[in-house]
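Reading through the structure tokens given below for one structure.
The values are calculated or read from the model by the stated rules, or taken from the named source; none is laboratory data. Quick caveat: nothing in here was measured; it's all calculated off a predicted structure. All Cβ positions, glycine included, derive from the backbone under ideal geometry; neighbour counts span all protein chains shown.
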Amino acid sequence: MADNVGYTPGTGAVVAADEIDGVLFQRMKLTHGADGTAVDASAENPVPVIDQYVADELSRIHQILSSPQGYDRSIQRSRVTATLESGTVTAVLTVTTVTTVGTVTTLANAAALGGDQAQLLTRGSNLSAWRDCVRALIT
């Protein structure tokens, strides 16, 4: 039996096929390219394939190499942790402007932080913490 199968869309075109165990399988040629183009796959023109895992790993490696250790992209500068091995560190006695305070461990003078309002806020948070502790003990 011949490998090709007749296909007649009106003029008698021929379709390539390969017979395997008495069954004809249509042969197709692999191509790739942008929309509207077709480049035949060959040893000189391999089909472009990318493994997503490899792509992710390459992306991570690129990020590490392009951001040196300690570089913080959010503030566009390096952060350094220093260990003092000898000598002293001078204490800061005066601070003129503080934009954000994350945590206050000890508050010496609440009045200096805005008078009554600051004291109310401090007392309110202390009462709230006390209530939470007591509620946990009530059965």
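For (1) assigned to a helix (DSSP H, G or I); (2) modelled with pLDDT under 75; (3) of a type in the set (Val, Ile, Thr), each residue gets a yes or a no:
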{"site": "Glu85", "(1), (2), (3)": "no, no, no"}
{"site": "Val95", "(1), (2), (3)": "no, no, yes"}
{"site": "Thr100", "(1), (2), (3)": "no, no, yes"}
{"site": "Thr105", "(1), (2), (3)": "no, yes, yes"}
{"site": "Ala108", "(1), (2), (3)": "no, yes, no"}
{"site": "Leu121", "(1), (2), (3)": "yes, yes, no"}
{"site": "Ser125", "(1), (2), (3)": "yes, yes, no"}
{"site": "Ala129", "(1), (2), (3)": "yes, yes, no"}
{"site": "Cys133", "(1), (2), (3)": "yes, yes, no"}
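Could you list, in sequence order, all residues of the range 31-51 that are on the phi < 0 side of the Ramachandran plot and surrounded by 10 or more Cβ atoms within 10 Å (Cβ to Cβ)?
Correct list: Thr31, His32, Ala38, Val39, Asp40, Ala41, Asn45, Val47.
Against the condition within 18 Å of the chain's Cα centre (by Cα) and among the β-branched types (Val, Ile, Thr), how does Val39 come out, does it pass?
no
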